[in-house]
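See below for the structure under consideration.
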Amino acid sequence: MTDQATEAGRDTEPDIPGKPTSASRTTLSHIMTHSDTNLLGTVHGGVIMKLVDDAAGAVAGRHSGGPAVTASMDEMVFLEPVRVGDLVHVKAQVNWTGRTSMEVGVRVLAERWNESTPPTQVGSAYLVFAAVDADGKPRRVPPVMPETDRDRRRCQEAQIRRTHRLARRRAIRELRERRAAEGFED
Ligand SMILES: CC(C)(COP(=O)(O)OP(=O)(O)OC[C@H]1O[C@@H](n2cnc3c(N)ncnc32)[C@H](O)[C@@H]1OP(=O)(O)O)[C@@H](O)C(=O)NCCC(=O)NCCS
């Protein structure tokens, strides 16, 4: 659907009651084992990404009241290695909502099994989920209602990311169209 069509449709649609951020905020915790490691013996990044997608998906499903699919994942950052035995906590919340999509922010923390220090932040990511109906078509989501100053800041930052994602997508689409019109095959 085009952005214009989305905007035009919005004017005629009935309002959906909003949901506070805390209604869907979730923490998923998991102990890392030997089967999660890479060749260096630390935890494979893909294992962490799966947990991030799982936690964000749970939040998106909870917020939207039904199925939601991952549309994109960006700014996945790994700050520190995770080791076997660490208890990993993946904290996720809805930062922003559009018409049918939501940005979910995720923080990954590790409790070191052999240290009595507070959990260390080891990663973070932002994911966009689209709520879908039984046919896989996008459906509307309730607006998220930020409750704290931190929630409001995250919502504002999510809007900046949204603007950049759309601009980047549009610029790449236009470049490809120009190149196709000029006769390039790829
Ligand atoms: C995500 C999906 C439902 C979008 O369907 P679509 O027909 O392109 O629908 P739309 O263009 O109306 O997009 C729906 C919403 O998602 C957003 N969206 C779609 N692709 C996006 C992307 N790459 N990045 C960010 N947002 C995206 C749109 O902006 C729109 O949000 P809005 O309604 O809040 O403005 C569809 O592409 C899909 O099913 N993808 C596969 C999802 C999946 O299987 N995920 C698991 C991967 S293994």
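The values are calculated or read from the model by the stated rules, or taken from the named source; none is laboratory data. Computed from a predicted structure; not experimentally measured. For neighbour counting, all protein chains shown are included, and Cβ atoms are generated from backbone atoms with ideal geometry for every residue, glycine included. Only protein heavy atoms, including side chains, enter the accessible area calculation; ligands, DNA and RNA are left aside. Shrake-Rupley method; radii C 1.70, N 1.55, O 1.52, S 1.80 Å.
Note down all Cβ pairs under 9 Å where the first residue falls in the range 134-148 and is near the ligand (Cβ under 9 Å from one of its atoms), the second is modelled with pLDDT under 95 and open to solvent by 50 Å² or more (accessible area, probe 1.4 Å), and they're at least six residues apart or on different chains.
Filtered contacts from the range 134-148: PRO138/MET1; ARG140/ILE16; VAL141/ILE16.
Within the range 52-69, count every residue that is open to solvent by 60 Å² or more (accessible area, probe 1.4 Å) and under 13 Å from the mean Cα position of the chain (by Cα).
Going through the range 52-69 one residue at a time, the tally reaches 2.
Scanning for something in contact with a helix residue (DSSP H, G or I) (Cβ under 6 Å, 6 or more places away or on another chain) and under 20 Å from GLY57 (Cα atoms), does the range 128-139 turn up at least one residue?
Among the residues of the range 128-139, at least one is in contact with a helix residue (DSSP H, G or I) (Cβ under 6 Å, 6 or more places away or on another chain) and under 20 Å from GLY57 (Cα atoms), which makes the answer yes.
May I ask you to list the residues in the range 130-143 that are on the phi < 0 side of the Ramachandran plot, in a loop (DSSP other than H, G, I, E, B) and open to solvent by 20 Å² or more (accessible area, probe 1.4 Å)?
The answer is ASP133, ALA134, ASP135, LYS137, ARG139, ARG140, PRO143.
Determine which member of the set TRP113, TRP96 is among the aromatic types (Phe, Trp, Tyr) and surrounded by fewer than 17 Cβ atoms within 10 Å (Cβ to Cβ).
Criteria check complete, one pass: TRP113.
Before we move on, is LEU166 hydrophobic (A, V, I, L, M, F, W, C), within 12 Å of the ligand (Cβ to nearest atom), open to solvent by less than 40 Å² (accessible area, probe 1.4 Å) and under 13 Å from the mean Cα position of the chain (by Cα)?
Answer is no for this residue.
Only one of ARG83, ARG99, ARG112 is among the charged types (D, E, K, R), over 24 Å from THR148 (Cβ atoms), within 14 Å of the ligand (Cβ to nearest atom) and in contact (Cβ under 8 Å) with a residue 12 or more places away in the chain. Can you tell me which?
ARG99
Do we have MET76 as over 30 Å from GLU13 (Cβ atoms), among the hydrophobic types (A, V, I, L, M, F, W, C), in contact with a Ser or Thr (Cβ under 9 Å, 6 or more places away or on another chain) and within 16 Å of the ligand (Cβ to nearest atom) here?
yes
Among the residues of the range 8-49, write down those that are open to solvent by 70 Å² or more (accessible area, probe 1.4 Å) and of a type in the set (Ser, Thr, Tyr).
THR12, THR27, SER35
Considering only the range 108-141, how many residues are under 12 Å from LEU87 (Cβ atoms) and among the charged types (D, E, K, R)?
The total comes to 3.
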